[in-house]
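First comes the structure, then the notes that go with it.
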Amino acid sequence: MRVRGNDYRVLDPPEWFTPELRVSVIVPAFGGQDKLDLVLAGLARQSYPAELTEVIVVDNGSTPPLRLPATRPPGARLIRCETPGRASARNAGLAEAGGDVIHWLDSDVVLTPGALEAHMRWHHTAPYLVVGGFMRFSEAPLPAELPDDLESYFEPAEPHRWIIDLLARTDGLTQRTPRPFSLHVGGATSVNARLFELAGPMDDELILGQDTEMGYRLGQAGAVFVPEPRARAYHLGPTMRMRHKERIDRVSFAFVGDRIPLYRWLRSHPGRQWKIPYVEAVVDGTAGYESVRATVDALLAGTQHDLRVVIVGPWDGLERDRRAPLKDPNLDLVLVHGHFEHESRVRFAGTDEVGLAVPYVLRLPAGWAPGEDSLASLLDLARTEQHGLINVLLDESSAGVVAARLERPAAFARARLVAGPQEDLDDVVDDVSSVTWVDGETYGFTREPAKPLGRRGAYNARVQAEADVERLTGENERLRAQVAKWREEAGTWRKDAVDYRRDIGALRKEVSELRRQLAAAHRAQDSLRTVMTATVRRALGRRTGR
């Protein structure tokens, strides 16, 4: 099965397996003989076969030197590394290791008896895994000998809160998380040795944060990160980070920001450069001076500043004809090299291969120029949708398709690990990540690039935009006040209308009453007229009869 993203659940390792892989447990240590004795005693109890386990303890310059206790795994050996630092000690152990799997173990972490087997169950399922155990931090006093029942002795203990929260937010790292490599903590983590061959050893220049930086490079090499709850361990006391988190972060962040481009919050400065860029753009330097210049200049003028441009060509041995430069057969190459030679964001390379640690690579044909925000927009799409490859359609004719490619090297590294000999690598990338096509014109790619705005122009545009925002904000407030005034007047009008309706109702009642009274008066008048008429007739009748 092929893991898509970091959803390792498709692997489903069997409950029972036949152990075949050899594991090298590397334990760097500086002092702390009492804790080291307990750690080795815990390793001696592991259920994973001893003949497939080698334990390498690296004494990182302890005074007095460390020793191997009587209770230890068979064949455990002790080497010494005088170069200070946990990364140096681990690299010394890594150089001595012969296992198929490397298991980091700190010298104050005691594994429960089935922990190593729980790790190896996964490694027998796929050859590109990083498996993280679950540590609990115990404040129990150190025993003279390791107790038989670890849980009853070391509990109550605190879990690794940060890891627990990370797993809860990402459904155990299976949902979209840009940084599953955060699982790689050196206290109790195992890594397939092949991944170290691809990613390289730990960075011994780092003071702190080596585990995370190593995890990042393992992810770039194609690793899948698996949390294994049954791989339990007890940390003997709190870690230095738990005691001094803010101070540790202060030191760590000052260095890892240069090396982990995905830590975007550490790269908030809009113009500076970093050791590992967020994206490298690869351009063919043999395509002609004007074409190369147009493309590279447009890339450098864009909004994506965390960028390095790689111009590929036969630069080694390139010489300039100083007597007849216009007749130089390599004149265009000379012009390209001379034009960008001192641009710090441009490097010249003989091949189109880029560093494994770069998160994204844009391969763009010379002569095509991205718009000011084209690359940044493509990166947003790649990051949001977790695409392994975005093909950008630039031109299509009877001669064929011209396209740019935004690649995620981690997805391609995974694809290389699982691809068959005859498989198209892009198809495998689609299996382990995703591949999509977008229209270049929609994203602002053109053969006729606009004149770069420039930093001063961008500054003036920003100042004007800020002034416009301030002006429009004032206008908005004025209109809000006018609307509020109209609403208040409307409320008054509505109240007056209600009063008017009430008065009209009363008047209507008065008019009805007057009409009723007038009708009654008319009836009385009619009655009186009838009586008078009758009286007059009677009177006339009497006179006539006389």
**Asked** Around Tyr278, which amide H atoms from residues at least 5 apart in sequence, or from another chain, sit under 5 Å from its own amide H, with H modelled in the peptide plane?
**Response** Leu307
**Prompt:** Among the aspartates and glutamates, which fall within straight-line cross-link reach of Lys495, defined as a Cα-Cα distance under 17 Å, with same-chain neighbours fewer than 8 residues apart omitted?
**Reply:** Asp503
**Asked** Got a sec to turn the phi values of segment 80-97 into Karplus ³J(HN,Hα) couplings, 6.51 cos²θ - 1.76 cosθ + 1.60 with θ = phi - 60°, whole Hz, x for Gly and Pro?
**Response** 10, 10, 7, 5, x, x, 5, 4, 5, 5, 5, 5, 5, x, 4, 5, 8, 6
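Tell me, in nm to one decimal, what length is gained between Glu475 and Arg515 on full extension, where the rule is 0.36 nm per residue of separation less the Cα-Cα distance?
Working: separation 40, 0.36 × 40 = 14.40 nm, distance 5.76 nm.
That pair, Glu475 and Arg515, stretches by 8.6 nm at full extension.
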**Folded to 0 to 90 degrees: helix 374-385 orientation relative to the chain principal axis, Cα** = 90 degrees
**Item:** 25 °C / 0.890 mPa s Stokes-Einstein diffusion coefficient of segment 309-411, Kirkwood radius on C-alpha pairs, µm²/s
**Value:** 152 µm²/s
**Asked** In 10 Å bins starting at 0, how do the alpha-carbon pair distances of segment 1-119 split up by percent?
**Response** 13, 42, 29, 13, 3, 0
**Message:** Once R0 is set to 45 Å, what does the formula 1/(1 + (r/R0)^6) return for the Cβ-Cβ distance between Ile504 and Gln464, expressed as a FRET efficiency to the nearest 0.05?
**Reply:** 0.20
**Message:** Heavy atoms of the protein only, probe of 1.4 Å, neighbouring chains included. What is the accessible area of Glu290 in Å², nearest 10?
**Reply:** 130 Å²
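At 0.36 nm per residue, and after removing the present C-alpha to C-alpha distance, how many nm does the segment from Thr530 to Lys495 gain when stretched out fully?
Working: separation 35, 0.36 × 35 = 12.60 nm, distance 5.23 nm.
Extra length from Thr530 to Lys495 when fully extended: 7.4 nm.
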**Request:** In nm, give the distance between the simple-model label positions of Glu246 and Val402, each being 7 Å from the Cα along the Cα-to-Cβ direction.
**Result:** 5.7 nm
**Request:** With volume of the Cα convex hull per residue in Å³ in mind, check [x] 388; [y] 216; [z] 193 and report the label derived from this structure.
**Result:** [x]
**Request:** Report the extension gain between Asp165 and Asp316 in nm, rounded to one decimal, defined as 0.36 nm multiplied by the number of residues separating them, less their alpha carbon distance.
**Result:** 49.2 nm
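As an exercise, take the mean of 1/r over every pair of distinct alpha carbons in segment 109-221, invert it, and state the Kirkwood radius in angstroms.
Details: mean 1/r = 0.0633 Å⁻¹.
After inverting the mean inverse Cα-Cα distance, the result is 15.8 Å.
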**Request:** Tell me which residues come under 5 Å, amide H to amide H, from Val226 once H is placed; ignore anything under 5 positions away on its chain.
**Result:** Val130, Val131, Gly132
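In deg cm²/dmol, rounded to 500, what helix-only [θ] at 222 nm does the chain give when every DSSP H run of at least 4 residues adds -39500 (n - 2.57) and the total is split over its residues?
Taken over the chain, the calculation gives -13500 deg cm²/dmol.
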**Per-pair calculated FRET efficiency, R0 = 51 Å: Asn330 and Arg80 via Cβ, rounded to 0.05** = 0.40
**Request:** Could you work out how far apart the two model spin labels at His305 and Thr351 are, taking each label as a point 7 Å from the Cα in the direction of the beta carbon, and quote it in nm?
**Result:** 3.4 nm
**Asked** Can you list the HN-Hα couplings for segment 479-486, worked out from phi with the Karplus curve (6.51, -1.76, 1.60; θ = phi - 60°), rounded to whole Hz and with x for Gly and Pro?
**Response** 5, 4, 5, 5, 4, 4, 5, 4
**Item:** Rounded to whole Hz, the Karplus (6.51, -1.76, 1.60) HN-Hα couplings of segment 55-64, x for glycine and proline
**Value:** 10, 10, 8, 10, 7, 8, x, 5, 10, x
**Item:** Solvent-accessible surface ranking, highest first, for Thr446, Thr53, Thr473, Thr63 at 1.4 angstrom
**Value:** Thr63, Thr473, Thr446, Thr53
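Per residue, what volume in Å³ does the Cα convex hull of segment 219-330 take up?
Values: hull volume 22.4 nm³, N = 112.
Roughly 200 Å³ of hull volume per residue.
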**Request:** Would you grab the residues whose amide H sits under 5 Å from the one on Arg136? Only those 5+ places off in sequence or on another chain, please, with H modelled 1.01 Å from N.
**Result:** Ala233, Tyr234, His235
**segment 412-452 and segment 102-156: distance between their alpha carbon centers, rounded to Å** = 41 Å
**Request:** Could you tell me the distance between the Cα centroids of segment 1-74 and segment 466-522, to the nearest Å?
**Result:** 84 Å
**Item:** Pairwise centroid distance, computed over Cα atoms, of segment 314-367 with segment 371-391, Å
**Value:** 26 Å
**Prompt:** Roughly what percent of Cα-Cα pairs across segment 1-60 reach past 13 Å?
**Reply:** 72 percent
**Request:** Could I have the simple spin-label model distance between Val483 and Glu158, label points 7 Å from Cα toward Cβ, reported in nm to one decimal?
**Result:** 5.0 nm
**Asked** What are the aspartates and glutamates whose alpha-carbon lies under 14 Å from the alpha-carbon of Lys35, with same-chain residues fewer than 8 places away excluded?
**Response** Asp59, Asp106, Asp108, Glu139, Glu145
**Prompt:** If ligands, DNA and RNA are left out, what is the accessible area of Thr492 with a 1.4 Å probe, given in Å² to the nearest 10?
**Reply:** 70 Å²
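The values are calculated or read from the model by the stated rules, or taken from the named source; none is laboratory data. The structure displayed is predicted, hence computed values, not measured ones. Virtual Cβ from ideal backbone geometry, glycine too; neighbours counted across all protein chains shown. We work out accessible area using only protein heavy atoms, side chains counted, and drop any ligands, DNA or RNA first. Shrake-Rupley method; radii C 1.70, N 1.55, O 1.52, S 1.80 Å.
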